[in-house]
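The values are calculated or read from the model by the stated rules, or taken from the named source; none is laboratory data. Given the structure is predicted, the values throughout are model-derived calculations rather than measurements. Please note: Cβ atoms are built from the backbone with ideal geometry, for glycine as well, and neighbour counts cover all protein chains shown. Side chains are part of the model used for accessible areas, which takes the heavy atoms of the whole protein and leaves out ligands, DNA and RNA. Shrake-Rupley method; radii C 1.70, N 1.55, O 1.52, S 1.80 Å.
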Amino acid sequence: MLLLNVLIMYVSVPFLIRIFPSLLRKFVYLNFLVVPLWADFQNPGIYLNHTVNFYLTSEPGVTFGVWHALPHNRWKESEGKDLSWHEEALSDANPIIIYLHGNGGTRATSHRVKFIKVMSEGGFHVVAVDYRGYADSTGEPSEDGFTKDILCVYDWVKERSGSSTVVLWGHSLGTGISTNTAMKLKKKDGTVLDAIVLEAPYTNIREAAANIPITKIYRKFPGFEYLILDTMARADMHFPNDKNVKVLSNPFLILHSEDDMVIPVHLGRKLFEMAYNASTKKENIKFISFPPELGFGHDHISSHPDLPSILKGFLESIQ
């Protein structure tokens with residue numbers, strides 16, 4: 001009976017996904033996984049020093065949480081300062097990272113906190129976002145909605161950044177949000193972003209789904225592509241990094257760990273080749289892989305002590 005029940009469940013899942021595409025959105029976004037539990041997002045000092053919390057509204061009914069961590073050279077003078085002081089600090093010529101995390105978890109998840117800390121200590125402002133439906137942000141997750149949220153953040157930062165360099169840094173799912181945002185800005189008024197960093201990227205969400213470990217048990221299942229992969233589009237999920245990088249003219253730095261078991265490194269290399277071949281400034285397109293012995297996997301490139309130097313070197317090379 002147990003084996004029969006397992007078999008019935010195994011067979012049922014692809015058909016349920018096809019009939020109810022909203023189930024697939026749940027599997028992809030994993031926004032219901034709030035990690036850590038009972039996180040106090042309004043008090044980022046629990047996790048990070050010299051960081052403030054605030055909220056932005058991207059459209060009626062959607063308010064999302066943001067942390068702003070200061071660069072190391074502003075820590076001492078920031079003691080006791082209010083939110084408006086932190087806003088003014090964005091124009092201090094230190095480069096700014098708008099950090100777009102992957103699926104599941106929150107801005108307080110440990111490897112994301114590690115990233116913010118490393119880059120803050122390395123001299124960057126870090127503006128970390130929890131999209132709609134994540135953490136303490138309102139609204140429901142959607143590809144179009146994520147883009148609206150990041151456009152809101154980008155406009156907010158640019159209004160305060162002066163001549164400071166602004167970088168979009170996307171990790172995993174966040175890479176698709178990054179390039180979608182860049183495309184929207186390009187179509188809107190021709191804006192070319194200073195730089196985009198794509199950490200552990202994929203070509204598009206369909207190809208990512210075909211390669212992630214959780215779908216391995218279904219790859220030989222009759223109708224796998226129709227029932228699961230084709231349902232991505234029916235669920236309004238595309239995240240077409242491949243199409244986007246072919247027409248975007250901003251600099252790209254692509255980072256991928258060789259031992260990434262979630263998004264395999266060959267997808268990062270494939271995306272790099274697409275961006276490189278399409279670019280008229282090939283020196284602005286760079287790919288860096290990290291050997292498996294470092295053990296970074298999918299989430300822990302942020303553990304690399306030279307990460308701030310890697311980004312600074314890239315930004316200097318594209319001046």
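Give, in nm to one decimal, the length gained when the segment between T138 and N73 is fully stretched (0.36 nm per residue of separation minus the Cα-Cα distance).
Roughly 20.0 nm would be gained on extension.
Quick one: Debye curve from the alpha-carbon atoms of segment 263-319 only, equal weights, vacuum; give me log10 I(q)/I(0) at q = 0.15, 0.24 Å⁻¹ to two decimals.
Rounded to two decimals, the profile gives -0.54, -1.10.
Suppose every Lys and Arg Cβ carries +1 and every Asp and Glu Cβ carries -1, with no other charges. What dipole size does the chain come out with about its Cα centre, to the nearest 20 debye?
In total the dipole reaches around 860 debye.
Per 0.36 nm of contour for each residue apart, how much would the distance between W38 and V6 grow if the chain were fully extended, relative to their Cα-Cα spacing?
8.2 nm
Taking N as the number of residues in the chain, what is its Cα Rg relative to 2.2 N^0.38 Å?
Against the empirical 2.2 N^0.38 Å value, I get 1.00 for the chain.
Over all pairs of distinct alpha carbons, what does the Kirkwood formula give as the hydrodynamic radius of segment 15-73, in Å?
Kirkwood radius, segment 15-73: 14.5 Å.
In Å², and per residue, what accessible area does the chain have when probed at 1.4 Å with the other protein chains present?
45
Only loop residues by DSSP count here, and only those with at most 12 other Cβ atoms within 10 Å; note down the GluC sites (Glu not before Pro) in segment 45-129 that meet that.
E79
Mind listing the phi-derived Karplus ³J(HN,Hα) values for segment 257-273, rounded to whole Hz, using 6.51, -1.76 and 1.60 with θ = phi - 60°, and x for any glycine or proline?
Going residue by residue, I get 8, 5, 9, 5, 8, 9, 10, x, 4, 5, 6, x, 5, 4, 5, 4, 4 Hz, with x marking Gly and Pro.
Please list H304, H256, H238 in order of solvent-accessible area, largest first, computed with a 1.4 Å probe with all protein chains present.
My answer, sorted largest first, is H238, H304, H256.
Which angle between 0 and 90 degrees, to the nearest 10, do you get for helix 307-317 versus the longest principal axis of the chain when only C-alpha atoms count?
70
Could you tally up the Lys pairs in segment 196-292 with alpha carbons closer than 13 Å? Skip any pair fewer than 8 positions apart unless they're on separate chains.
Lysine pairs satisfying the spacing and distance rule in segment 196-292 number 5.
Quick one: with all protein chains in place, what share of the accessible area of segment 5-57 is carbon or sulfur, to the nearest percent (1.4 Å probe)?
70
Short version: what are the Cα gyration tensor semi-axes of segment 97-150, square root of 5 times each eigenvalue, largest first, in whole Å?
Ellipsoid half-lengths, sorted descending, are 22, 12, 8 Å.
Grab the beta carbon distance between D194 and F221, set R0 = 41 Å, and tell me the FRET efficiency rounded to 0.05.
0.40
For K81, go through the lysines and keep the ones whose alpha-carbon is under 20 Å away, minus same-chain ones fewer than eight residues off.
K117
Can you tell me the length gained on complete extension of the stretch S163 to V247, counting 0.36 nm per residue apart and subtracting the Cα distance?
Gain on extension, S163 to V247, equals 27.7 nm.
What range in the chain is the longest one free of chymotrypsin sites (Phe, Trp or Tyr not before Pro) that are in a loop by DSSP and have at most 13 other Cβ atoms within 10 angstrom?
39-319
What is the angle, in °, between the Cα long axis of helix 173-189 and the longest principal axis of the Cα atoms in the chain? Nearest 10 is fine, range 0 to 90.
60
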